[in-house]
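Asker: Take this structure first; my questions come after.
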Amino acid sequence: MHSKTVLVTGGTGGIGKETARALVAMGARVVVVGRDRVRAEAAARELGGNGTGVSSVTADLSRLAGLHALADEMRARHDRLDVLVNNLGGVVAPRTLTEDGVEATFAVNVLAPYALTCLLLPLLRAASDARVVNLTGGIPGGPVDPSNLEAEKRFVGWTFSQYNQAKTALMAMSRRFAARVADEGVTVNVAYPGHAYTPGNRAMTAAAFPFVYRPLVPLLRFLGPRLMNDMARPTRSTVHLATSPEMRNVTGVYVNAKAERTPWPASVLDESVCDAVWDRCERHSGIAP
Ligand SMILES: NC(=O)c1ccc[n+]([C@@H]2O[C@H](COP(=O)([O-])OP(=O)(O)OC[C@H]3O[C@@H](n4cnc5c(N)ncnc54)[C@H](OP(=O)(O)O)[C@@H]3O)[C@@H](O)[C@H]2O)c1
């Protein structure tokens, strides 16, 4: 990865930070993104050590203005982007609209990777082996209701509902994106990281869990840091897609937490789902690849 430039969203904490750490160790020049300047600069210092291989950008990627600002900053600083890791994601409950009027879980998990990839395509096209890696999560692959993509009709904020649908929608969008840019030397693939006890997990309130599980939340908080403390494991699938020579020119695939190729779930192969997700992303962002 020497002389390669990599951008990791959510790279100042959790799985993103560990992914950035692994890529730095492989010699990449890494840019990490978070919302808070002090935290972002501290992460860059920690990851970069005494070298100059890591820099940070501060932007709120739940907002279109933040996504545009990040892309502008990247274009100002770099003439090429080799790898974009759309790691940012999570659950926002109860239902919340962003300042752009987008349901927030959809905004961070689906719209942000779509819009950022569109905006950075000129830099990606300038690389010889450009790769985009999008992170899924939860229990992806369940049904996607095109008329309830942003929980317009019904919001179930529990971990395994709106979040799952958004991650399945992300996979559908990624598959379509891969097909759209297949002739442009840019690959788009999806990684499932597996579980880790991260700032996102720690911030989840009991309201994010179904009623029956809520009494178990204190136990999960106790066990989480003990059972999910291997922070290298959830970077494996992303690092494989981002760096492995065997993934060169391979696009439109999905790998599990062991970095094994896994079939797309049926809902992701449903072209009407892909159409609905794609149209929504295009409409909200006003941009297309
Ligand atoms: N953790 C798990 O068990 C698990 C399991 C399966 C899949 N995943 C997926 O893996 C990815 C990473 O998960 P994680 O648990 O590591 O996430 P996390 O702990 O919530 O990630 C924290 C990082 O995201 C940044 N961030 C949060 N909101 C942001 C925003 N609006 N704009 C810009 N940056 C923002 C934080 O920056 P600041 O706080 O510094 O602003 C920090 O760098 C997600 O896509 C998640 O869905 C996670």
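The values are calculated or read from the model by the stated rules, or taken from the named source; none is laboratory data. Keep in mind the model is a prediction, meaning the values are calculated, not measured. Here Cβ is always computed from backbone atoms with ideal geometry, including for glycine, and neighbour counts include all displayed protein chains. Heavy atoms of the whole protein, side chains included, go into the accessibility calculation; ligands, DNA and RNA do not. Shrake-Rupley method; radii C 1.70, N 1.55, O 1.52, S 1.80 Å.
Asker: Can you go through Leu116, Leu97, Leu111 and tell me which one is among the aliphatic types (A, V, I, L, M), within 15 Å of the ligand (Cβ to nearest atom) and in contact with a Cys (Cβ under 8 Å, 6 or more places away or on another chain)?
Answerer: Leu111
Asker: Counting only residues that are open to solvent by 20 Å² or more (accessible area, probe 1.4 Å) and within 11 Å of the ligand (Cβ to nearest atom), which one in segment 132-146 is farthest from the chain's Cα centre (by Cα)?
Answerer: Ile139
Each row is one residue, and each column tells you yes or no for (1) surrounded by fewer than 16 Cβ atoms within 10 Å (Cβ to Cβ); (2) touching a helix residue (DSSP H, G or I) at 6+ places or on another chain (Cβ under 8 Å); (3) more than 22 Å from Met171 (Cβ to Cβ); (4) modelled with pLDDT of 95 or more.
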| site | (1), (2), (3), (4) |
| --- | --- |
| Thr19 | no, yes, no, yes |
| Val30 | no, yes, yes, yes |
| Ala42 | yes, no, yes, yes |
| Ala59 | no, yes, yes, yes |
| His78 | no, yes, yes, yes |
| Gly90 | no, yes, no, no |
| Leu97 | yes, yes, yes, yes |
| Pro113 | no, yes, no, yes |
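Asker: Taking the stated definitions as given, is Leu123 open to solvent by 10 Å² or more (accessible area, probe 1.4 Å), modelled with pLDDT of 95 or more and in contact with a His (Cβ under 7 Å, 6 or more places away or on another chain)?
Answerer: Spelling it out, Leu123 is indeed open to solvent by 10 Å² or more (accessible area, probe 1.4 Å), modelled with pLDDT of 95 or more and in contact with a His (Cβ under 7 Å, 6 or more places away or on another chain).
Asker: Something else now. Can you find even one residue in segment 94-106 that is hydroxyl-bearing (Ser, Thr, Tyr), farther than 21 Å from Lys17 by Cα and in contact with a Ser or Thr (Cβ under 8 Å, 6 or more places away or on another chain)?
Answerer: yes
Asker: What residue, of Ala112, Ala130, Ala126, is out of contact with any Gly (no Cβ under 8 Å at 6 or more places or on another chain), over 24 Å from Thr198 (Cα atoms) and of a type in the set (Gly, Ala, Ser)?
Answerer: Going through Ala112, Ala130, Ala126 in turn, the sole match is Ala126.
Asker: Same structure again: Only one of (1) within 15 Å of the ligand (Cβ to nearest atom); (2) within 22 Å of Thr19 (Cα to Cα); (3) open to solvent by less than 10 Å² (accessible area, probe 1.4 Å); (4) outside any strand (DSSP E or B) is not met by Met173, so which one is it?
Answerer: (2)
Asker: Could you grab me the full set of residues in segment 169-198 that are of a type in the set (A, V, I, L, M, F, W, C) and out of contact with any helix residue (DSSP H, G or I) (no Cβ under 8 Å at 6 or more places or on another chain)?
Answerer: Of everything in segment 169-198, those that are of a type in the set (A, V, I, L, M, F, W, C) and out of contact with any helix residue (DSSP H, G or I) (no Cβ under 8 Å at 6 or more places or on another chain) turn out to be Ala178, Ala179, Ala182.
Asker: Then there is this: Does at least one position in segment 1-8 carry a residue that is at pLDDT below 95, closer than 20 Å to Ala259 by Cα and open to solvent by less than 70 Å² (accessible area, probe 1.4 Å)?
Answerer: Yes; the residues of segment 1-8 include at least one that is at pLDDT below 95, closer than 20 Å to Ala259 by Cα and open to solvent by less than 70 Å² (accessible area, probe 1.4 Å).
Asker: Across segment 176-218, what is the number of residues that are among the β-branched types (Val, Ile, Thr), surrounded by 13 or more Cβ atoms within 10 Å (Cβ to Cβ) and away from the ligand (no atom under 16 Å from the Cβ)?
Answerer: Within segment 176-218, residues that are among the β-branched types (Val, Ile, Thr), surrounded by 13 or more Cβ atoms within 10 Å (Cβ to Cβ) and away from the ligand (no atom under 16 Å from the Cβ) number 3.
Asker: Please work out which one of (1) more than 13 Å from the chain's Cα centre (by Cα); (2) under 30 Å from Met1 (Cα atoms) is the condition Ser62 fails and give its number.
Answerer: Every condition holds for Ser62 apart from (1).
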